[in-house]
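Inspection log for the structure reproduced underneath, given as structure tokens.
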Amino acid sequence: MEEGQPPSILPFLLLLLIPLPTALCWGKDGHYAVCKIAQDYLSEDALSAVKELLPGSAQGHLAAVCSWADDVGYTHNYRWSQPLHYVDTPDFICNYRYCRDCHDSSGHKHVCVTAAIHNYTMQLQSQLNYNLTEALMFLSHFVGDVHQPLHVGFLGDLGGNTITVRWYRRKTNLHHVWDDMIIESALKRFYGSDLSTMIQAIQSNITDIWLNDVPVWESCAHNYTACPNWYASESISLACKFAYRNATPGSTLEDEYFLSRLPIVEQRLAQAGVRLAAILNRIFTSKTGTITGTARL
């Protein structure tokens, strides 16, 4: 078991947690891009298993349910899941340590995005008495979340949520800039407001300028199925180098910030998609028999 890996079964459903007033994740466009990229990298076995688990409304498309965890996060039955979208580190500490950092605001251990990825990976691997459709949708979403740098941000500002800035003329907060506004601005300026065009550009980079990096992105130390602690370590490092830098409270973020940060956002979307596919390929490749525990939502 990886150092700092949570127990194999986490009692998430038993936790009644008070939600923090924070944004949950990449916006819908970011999550859609992650899952669209991932589906194109699934093995035949994994693609078949994923399609079997997807709710009928998804029509076989993983991207259609990639924002489901956000859609239900504020409902009564799923309020417990809110702390699973992120993990905070001590202020100005630009590294991630599971044992130190993976807890909710009340101090409950193993309640954070990296623990959630471990947990739902385990559920899909075991195929025991779990709702495997929900496990797939949560896993797909949380792999995206952990790649957003400010989902592994500082505790003192709640991952940039309390840092008020202006994005050009619009008042917002730093977390929202990274969740939505960099992507929204890129769509308008470079991609004709067409998300599919942006995804195609990222996919082209995966097969071109990032081609030699893809095997490294896909790999996982010690043959683990998923390595979320590593993904989180990358995110906090990027948060320190790029997200927080020159983004103090009250500052106005314009072209200099946008154009230098957009490549980071696009690469993180690519990494999240490639890694989600790799995780699902490791879970499902060569598994036989009918998948049980599905829920047709």
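The values are calculated or read from the model by the stated rules, or taken from the named source; none is laboratory data. Worth saying up front: this structure is predicted, and the values here are computed from it rather than measured. All Cβ positions, even for glycine, are placed from backbone atoms using ideal geometry, and neighbour counts span all protein chains on display.
Within the stretch 73-92, work out how many residues are free of Cβ contacts under 8 Å to residues at least 60 places away in the same chain and farther than 24 Å from Ile279 by Cα. Looking only at that region, the number is 5. Within the stretch 69-95, the set of residues being among the hydroxyl-bearing types (Ser, Thr, Tyr), in a loop (DSSP other than H, G, I, E, B) and within 16 Å of the chain's Cα centre (by Cα) comprises Tyr86 only. A Cβ distance below 6 Å, combined with a sequence gap of six or more or placement on separate chains, defines the contacts here; from the stretch 46-66, residues that are free of Cβ contacts under 8 Å to residues at least 24 places away in the same chain reach residues that are buried (at least 21 other Cβ atoms within 10 Å of the Cβ) in the pairs Ala58/Val65. Scanning the stretch 150-167 for residues that are among the β-branched types (Val, Ile, Thr) and farther than 7 Å from Asp88 by Cα, we see that the one that is surrounded by the fewest Cβ atoms within 10 Å (Cβ to Cβ) is Thr164. Of all the residues in the stretch 219-239, those that are outside any loop (DSSP other than H, G, I, E, B) and within 18 Å of the chain's Cα centre (by Cα) number 12. Taking first residues from the stretch 115-135 that are part of a loop (DSSP other than H, G, I, E, B) and partners that are at pLDDT 95 or above, the Cβ contacts under 6 Å between residues at least 6 apart in sequence or on separate chains come to Tyr130/Gln123. Scanning the stretch 112-129 for residues that are surrounded by fewer than 24 Cβ atoms within 10 Å (Cβ to Cβ), under 20 Å from Ser235 (Cβ atoms) and of a type in the set (A, V, I, L, M) yields no hits at all.
On inspection, Ser106 qualifies as in contact (Cβ under 8 Å) with a residue 24 or more places away in the chain, polar (S, T, N, Q) and not in a helix (DSSP H, G or I).
Every residue, every condition in (1) part of a helix (DSSP H, G or I); (2) within 19 Å of the chain's Cα centre (by Cα); (3) closer than 22 Å to Ala243 by Cβ, yes or no:
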| position | (1), (2), (3) |
| --- | --- |
| Lys171 | no, no, yes |
| Trp178 | yes, yes, yes |
| Met181 | yes, yes, yes |
| Lys188 | yes, no, yes |
| Ser196 | yes, no, no |
| Gln200 | yes, no, no |
| Gln203 | yes, yes, no |
| Asp208 | no, no, no |
| Val214 | yes, yes, no |
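Looking across the stretch 158-204, just one residue is in contact with a Leu (Cβ under 6 Å, 6 or more places away or on another chain) and among the polar types (S, T, N, Q), and that is Ser193. Against the numbered list (1) in contact with a Leu (Cβ under 7 Å, 6 or more places away or on another chain); (2) under 20 Å from Ala226 (Cα atoms); (3) aromatic (Phe, Trp, Tyr), Trp80 comes up short only at (2). Do we have Thr252 as in contact with a strand residue (DSSP E or B) (Cβ under 6 Å, 6 or more places away or on another chain) and surrounded by fewer than 23 Cβ atoms within 10 Å (Cβ to Cβ) here? Criteria met by Thr252.
Residues that are on the phi < 0 side of the Ramachandran plot, among the small types (Gly, Ala, Ser) and surrounded by fewer than 17 Cβ atoms within 10 Å (Cβ to Cβ) occur at least once in the stretch 216-226. Being part of a helix (DSSP H, G or I), hydroxyl-bearing (Ser, Thr, Tyr) and modelled with pLDDT of 95 or more is a condition met by no residue of the stretch 53-67. Applying the condition of being β-branched (Val, Ile, Thr) and at pLDDT 95 or above to the stretch 16-52 and asking which residue is nearest to Val152 (Cα to Cα) yields Val34. Residues in the stretch 159-195 that are among the aliphatic types (A, V, I, L, M) and under 19 Å from Val113 (Cβ atoms): 1 in all. Determine, yes or no, whether Tyr41 is outside any helix (DSSP H, G or I), closer than 30 Å to Thr197 by Cβ and in contact (Cβ under 8 Å) with a residue 24 or more places away in the chain. Spelling it out, Tyr41 is indeed outside any helix (DSSP H, G or I), closer than 30 Å to Thr197 by Cβ and in contact (Cβ under 8 Å) with a residue 24 or more places away in the chain. Of the residues Trp230, Trp210, the single one that is of a type in the set (Phe, Trp, Tyr), closer than 25 Å to Ala278 by Cβ and in contact with a helix residue (DSSP H, G or I) (Cβ under 7 Å, 6 or more places away or on another chain) is Trp210.
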